[in-house]
Ligand SMILES: [Cu+2]
């Protein structure tokens, strides 16, 4: 069935009037009434070389005031922004103070498998994990989050996510803002659902299991549609899609451009202006935005377009009525209110960093991975009406198996990987590497967001990537590759490989 016609039908009306009262009200509200943008606590480890983290249970009140049971690192919900220096060792002490096992992965850090924090390194309740992170990679915005198979989706949703920034001390030379919370804003964008008492809700229907869980409220750093105060200057936004499944299409409602300065794994040579940016789960993109005019502006997102082909829609459209995740048109994400002060940086730099090398053309080997939505037939009949049976997903026809290594890669090799998606677009992430996107969307030249070095790419039909394997990983602590729609990952759309 045609999606638009379907949504304009009675179900969409019912959803808008009965399921979305909070969202509807607050979208119309005067931006002046919005909560302040929460500023994540900054832990600068450049001097100490030590990072103490506690994964803990929390109680956090979202907009309505009713407390929700949450998880966080060192706090009730989400975690700090960690800043480390290129070239240093960071001694981590991570205590799992939860009632359940938990693994924490450093998404974007180029560290060996033994420090990577995949599901093989789950920490028992009360246990401590003490990896040493040797930071030796270009400046970038990485992050860390739960990676506990098969509970990643629920644990991240409850709040187990923080940010890890690598700094080389040269941002002044580059003319880039870097004052945390002053002219440099870390923005963790996540969608969430709330029950009638305003408490965080995570209940998976079959639609959620197939598409990944989407919420009808878009939060930034844990606040719903907040308001940021910043100087009347050029400011830096570090955008992280920390959502389980939603893909954002971000733009400013007054049309002001975003000047992209970095993708997942590092800086671009020059800022590149964009009117709209697509950001899939797991991806980061850094932009400069010019607020020298002093005018308020809103960052909005278009609807998630990951609906699949006609077959997927026909099969799933009836199930959509069980969800409240439909967001049509533009949804406000964050409103900006420039003050009267200026910041130290008040112009756009012309160049930022060295030119990127040409993408590799010689490869040690080629691999082909197909991201499979359904293994073993239709899951619907058994699991649709609330049973525990969800779909089994996989890669190359096989669901993730903790006991079976999928690939062995040579240390120092550059490989050519072709990834094919079926039914939906899937954000594909590889641990312990950075890669260049050679082609995306069925072989076309990469779109703007896929320039530069990346560790996560949204596969729309087919993507080809050149992957550099510079970090070792044993068979006991291998690296993972997986879909970053977290419900897909938990359903088995994941594999693991050694590098030696
Ligand atoms: Cu997926």
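Computed from the coordinates by the stated procedures, all read-outs in this text should not be read as laboratory data. Just so we're clear, the structure is a prediction, and the values are computed from it rather than from any experiment. Note: ideal-geometry Cβ built from the backbone for every residue, glycine included; neighbour counts use all protein chains shown.
Per residue, how big is the convex hull of the range 365-499 when only Cα atoms are used? Give it in Å³.
About 105 Å³ per residue, rounded to a whole number.
For residue 61 and residue 307, calculate 0.36 nm times their separation in residues minus their Cα-Cα distance, and state this gained length in nm to one decimal.
85.4 nm is the gain from fully extending residue 61 to residue 307.
Once you have the Cα-Cα distance between residue 448 and residue 33, take 0.36 nm times their residue separation minus that, and quote the gain in nm to one decimal.
145.9 nm
Treating each Cα of the chain as an identical point scatterer and ignoring solvent, apply the Debye formula and state log10 I(q)/I(0) at q = 0.05, 0.13 Å⁻¹.
-0.17, -1.34
Give the separation of the Cα centroids, the range 197-220 to the range 108-175, in Å.
About 24 Å separates the Cα centre of the range 197-220 from the one of the range 108-175.
Over the residues of the range 42-170, compute the C-alpha Rg and express it relative to 2.2 N^0.38 Å.
Dividing the Cα Rg of the range 42-170 by 2.2 N^0.38 Å gives 1.03.
What distance in nm lies between label points placed 7 Å from Cα along the C-beta direction at residue 52 and residue 361?
Placing both labels 7 Å along Cα→Cβ, they lie 5.4 nm apart.
Estimate the FRET efficiency between residue 44 and residue 374 by the formula 1/(1 + (r/R0)^6), using the beta-carbon distance for r and 35 Å for R0, to the nearest 0.05.
Calculated transfer efficiency: 0.15.
What 222 nm value per residue comes from the helices of the chain, counting each DSSP H run with n ≥ 4 as -39,500 (n - 2.57) and dividing by all residues, nearest 500 deg cm²/dmol?
-2500 deg cm²/dmol
What distance in nm lies between label points placed 7 Å from Cα along the C-beta direction at residue 252 and residue 342?
The modelled label-to-label distance comes out at 1.7 nm.
Between residue 128 and residue 88, what FRET efficiency follows from the Cβ-Cβ distance if R0 is 25 Å, with the result rounded to 0.05?
Taking R0 as 25 Å, the efficiency between residue 128 and residue 88 is 0.70.
Among 354-364, 391-401, 454-464, how do they line up from the highest to the lowest mean number of other beta-carbon atoms within 10 Å?
Per-residue Cβ counts within 10 Å, averaged per peptide and sorted highest first, yield 454-464, 391-401, 354-364.
Would you please give the FRET efficiency between residue 173 and residue 195, computed as 1/(1 + (r/R0)^6) with r the Cβ-Cβ distance and R0 = 45 Å, to the nearest 0.05?
So the FRET efficiency works out to roughly 0.35.
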